[in-house]
């Protein structure tokens, strides 16, 4: 009896051959070895299966009635570029070998088939596929990464973050990262992954609030052809791409309730099911989540599942806002400046006035806002050091308002309108972003601005 493959090496295999006895043998042996298999008696049905369902490996006979095996391989490469191909043939000659090479087959074996040889080749094909998916995951990360993975800061509260990462990183526990927007939650997630035993495996990030609701399931779990309008081909989901590694679910509080239930099932069973498919696949993925939302309040409001919150909140890391890390502002500013102006390395690049302005600011946008401010100043400053005049306009306005405030007291209404205008300045007039920062609805903000305009008229 064949030994089962390690669960992590199991694959979904398409076997195409016109010999009934070999079909039955491979169906039984592959299943016993821990793989899932779809058997097709000809090339036409094999291509149809490829169009409707993702596969890890194709084992195909070259000489079948109807569509030749070489055509099946070409179509397979066009439909699923990552698929690993093993070629079978009853004619182990040079032309057959050349066909296999031209179609980038992983291996070429002759009949009669010896399953021990097939089993060894499948193990190699799995590792080849694993390397391909790591590269795909790295490209996905590079597309999404903003900035360096380095955690900058000596503040006491931030040192606690470092200690937490060192403790939880080497474990397999699910991690919840909490903190305000822009404070560096994704960098913390990367640090958790890179300090883990999965560091040589992929880390895949997805912002749960950045995708339309109807695409989230496909993005996470993949889909088969025809699963929904526009699904013209099968697609592997990010959970499968991250197999063996880490998946980072940013802004998990934005996940719709229906998807929360499906995510909970995956976390509890380790099985994913592509949209439109009845077939499950086991994945080994560590989940790291992040949110700026109050999940406990969302549970109370029935906007977030309590059982999911308990499942993802095994270990919590709180990232402090930048306003609580005043002593980290200048090291961060210098680090961010070197990224946009490499010649700044090793120089004293900020005047005392600029440094005072940066430290006095409240940083509602946290490190992300600081990065934008530094880049803005670096554009205006032709020659170092950066002075206060190179900082964005709202810094000088803040200083002017501070002087006015010292000279004459303001009413509560005036203070409210000042806060609104400051928020609008920080967000370059974007009313929706300003309303979000102030914790009010866009409608409320519009009403207050309209009332002020009417009063002025």
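Might you check whether a residue that is modelled with pLDDT under 80 and within 36 Å of the chain's Cα centre (by Cα) occurs anywhere in the stretch 383-392? No, there is no match, as no residue in the stretch 383-392 is modelled with pLDDT under 80 and within 36 Å of the chain's Cα centre (by Cα). Within the stretch 149-184, the residues that satisfy the criterion of being within 17 Å of the chain's Cα centre (by Cα), within 17 Å of residue 325 (Cβ to Cβ) and either modelled with pLDDT under 95 or not assigned by TED's automatic domain parsing to the domain that holds residue 270 (or both) are 181, 182, 184.
Residues that are in contact (Cβ under 8 Å) with a residue 60 or more places away in the chain and buried (at least 17 other Cβ atoms within 10 Å of the Cβ) within the stretch 15-29 comprise 17, 22, 26, 29, listed in sequence order.
If you go through the stretch 341-359 and keep only what is within 34 Å of the chain's Cα centre (by Cα) and assigned to a helix (DSSP H, G or I), you end up with 342, 343, 344, 358, 359.
Taking the stated definitions as given, is residue 331 modelled with pLDDT of 90 or more, outside any helix (DSSP H, G or I) and surrounded by 13 or more Cβ atoms within 10 Å (Cβ to Cβ)? It is false that residue 331 is modelled with pLDDT of 90 or more, outside any helix (DSSP H, G or I) and surrounded by 13 or more Cβ atoms within 10 Å (Cβ to Cβ).
Can you give me the number of residues within the stretch 360-390 that are farther than 21 Å from residue 321 by Cα and assigned to a loop (DSSP other than H, G, I, E, B)?
Going residue by residue through the stretch 360-390, those that are farther than 21 Å from residue 321 by Cα are 376-390.
Those left that are additionally assigned to a loop (DSSP other than H, G, I, E, B): 381-385, 387.
So the answer is 6.
Is the stretch 412-425 home to any residue that is modelled with pLDDT of 85 or more, surrounded by 15 or more Cβ atoms within 10 Å (Cβ to Cβ) and within 21 Å of residue 182 (Cα to Cα)? It would help to see each step written out before you state the result.
Step one: of the stretch 412-425, the residues modelled with pLDDT of 85 or more are 420.
Subset that is surrounded by 15 or more Cβ atoms within 10 Å (Cβ to Cβ): 420.
Still in the list and also within 21 Å of residue 182 (Cα to Cα): 420.
Yes: one or more hits.
The values are calculated or read from the model by the stated rules, or taken from the named source; none is laboratory data. Everything quoted here is computed from the prediction, not taken from an experiment. Counting neighbours? That spans all protein chains shown, and the Cβs are built from the backbone with ideal geometry, glycine included.
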